[in-house]
Amino acid sequence: MEGVMKFVCVVLLFVLLGTVPVIGQDVSLYEVLPQDLDRPVGAEFSHEGSSLVYIVSRSGYIERFDRNDPEGTLERWFELPIDVFLLSEGGLLGLAFHPDFPDNNSFFVYFTYDDEGQFKSRLSRFRVINGVADEESEEVILEFDQPASNHNGGSLEFGPDGYLYISSGDGGGSGSRENSQDLTNLLGAILRIDIDTDEGYLIPPDNPLINDPDAMDEIFAWGLRHPWRMSFDPVTGHLWVADVGPSSWEVIHIVENGKNYGFPIIVGSHCREEGCDKTGLEMPIFEYEHGADDTGRSITGGYVYRGSANPSLYGKYIYGDFVSGRIWALQVDHDTWEVFSNTEIYHAEFNIPSFGIDSDLEIYTMGWADDGQKLHRFEPEETDGEPESPPAVVVLLSPVDGTVDVSVDPVLSWEEVAQGSGYRMQVSSDSEFGSPVLDEEGLEQTEFRVSDLDYETQYFWRVRASNEVGDGPWSEVWSFSTITESGEELSETSIDPNFPNPFNTSTNIRYRLAQDTEVLIDVYDLNGRHMTTLVNSRQQSGVYSIQFNGSGLASGTYFLRLQTNSFVEVQKFTLIK
């Protein structure tokens, strides 16, 4: 075609080492420790990189174990110096380590106790001294009365802003419903305080009610009934709160500064009394109803999964129900909160009081049963079926002669292909594939060629398997952009910064070779572990662009290392999903 520059590119699908996606969403639970536990209500880690997991017991103490210990040795680490009130829903309920632990050796606990007949909730700071959790180092940070022995809240989390968040229930009992809308007390709310001070705490300057003389400065958000468990998504920073409902609905909220979540005017999105005024009230992103199908009757909040052992769960909110023992993975658009799916991934034969997390962001669940109380962790369930998509794509571009070569690695074949069928491949200049420049099916070979692609143009491509029964689903859509033809000789080998950076989930990396040479491009994580090799071949001098897809990796910082016979350069890039 006259006046149109052309190019050649090679497209390769390959497996990221150790990160092949789990097929489907099924998982299983395995017992982490051989011992029975005593009313476990949480599992936490102290700091990044630590292999220690701390288990919170309602009875008033904290145990820990090393997840790398094959014997599963459990150590009593800390015990409260005051007796907790254990009846109903009381006890030691929350634990949070300071973000700068172990530098400042501070940790915080939330518990209830009986002060001469008055139930109280207390938040205290303790310290580790000479490597030992000092039970005599208590500094009382915050304390308030409870009107009854249930709905105490108790979840502690440090937010990405460095402030400490506390979940407080409405106080329980028969006359406590209005507490959630009464801003003169600390009940039925999420509280936020600044504990980085020499004594006590400070009020963050953007707390919403700080200038209201008729409200408590500590309140961050209100209108909640029993926010038993909450957690921050470590990638997006959103605060997820599961609010236990009264007799009809269980609720999940994304809680934000200064918002009113409506209880007791509404439960979830539903009026408690017909015709209620919902003006100014926040609706949940998800809710489920008590029903005959045994969905459940008491929600247990969990975590947005950001670990690596179960890639099919990545980015989904993992939560359960105490009564039914069901565990779900809620998939949403993290910008619009549109719900894509809510999939049951496990049905336990025990009650689920809480979830936990370790420093690898792997999720644990506590299990209460008549025959014992255990700590469990998710592990992938080996199943047959269709992977969601190949985990990564590399596109190598070089301006030569106006053709594109596409190679599909048969080890990534879908189940239909394994039964003897072929591929269908589409390449198009629009993501809807309305005018594909390549659309061929029944391709049993693993290499294709398409001609007449333009320079400086973005193209999209996808692949799926087919056989005599029909077509399988399309893979995800990948894109690549062609480069400008370079007619000049390159004087030096160099690598450009990847774009975009940070990226989700694809990024382009361009490099230039001044001479024909062997090229090796590898990706490493922050700990120096080799994740995958992008290029390992001899290449001619010219300009190349790699499109790297990190869909099989967890969010985080990675290093790209390019090496030739006479050149080495390392660049840092960030994956955010």
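Listed values, structure above:
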read-out: Furthest towards positive pole of dipole, L209, L74, Y317, structure part the range 27-380, Cβ charges; value: Y317
read-out: Relative contact order for the range 190-305, counting Cα pairs under 8 Å that sit 6 or more residues apart, in percent; value: 23 percent
read-out: The range 27-380 - percent relative contact order, Cα under 8 Å, separation 6 or more; value: 14 percent
read-out: Full-stretch length increase - D335, D454 - with 0.36 nm per residue and alpha-carbon distance subtracted; value: 39.4 nm
read-out: Cα-Cα separations in the range 230-293 greater than 13 Å, expressed as whole percent; value: 63 percent
read-out: Among 495-501, 274-280, the order from most to least packed when residues are scored by Cβ within 10 Å on average; value: 495-501, 274-280
read-out: Selected from A96, A133, M283, residue furthest toward positive end of dipole (the range 27-380; charges at beta carbon); value: M283
read-out: Selection from T343, A43, T184 lying farthest towards where the dipole of the range 27-380 points positive, charges on Cβ; value: T343
read-out: Unit charges on C-beta of K, R, D, E only; dipole of the range 141-261, Debye; value: 560 debye
read-out: Phi-based couplings in Hz for the range 208-222 (Karplus 6.51, -1.76, 1.60; Gly and Pro marked x); value: x, 10, 5, 9, 9, x, 9, 9, 7, 5, 6, 6, 9, 8, 8
read-out: The range 27-380 - charge dipole about Cα centre, Lys and Arg +1 at Cβ, Asp and Glu -1, debye rounded to 20; value: 660 debye
read-out: Inter-label distance for T343 and N504, nm, one decimal - labels placed 7 Å from Cα along Cα-to-Cβ; value: 2.0 nm
read-out: The range 84-137: relative contact order as a whole-number percent, Cα under 8 Å and 6+ apart; value: 28 percent
read-out: Loop GluC sites (Glu not before Pro), the range 113-146 (other Cβ atoms within 10 Å of the site Cβ: 14 or fewer; DSSP); value: E116
read-out: Computed over the range 27-380, Kirkwood Rh from alpha-carbon pairs, angstrom; value: 20.4 Å
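Bear in mind that the values in this text are calculations on the coordinates, not laboratory data. These numbers come from a predicted model, not from an experiment. Using ideal geometry, Cβ is built from the backbone for each residue, glycine included, and neighbour counts are taken over all protein chains shown.
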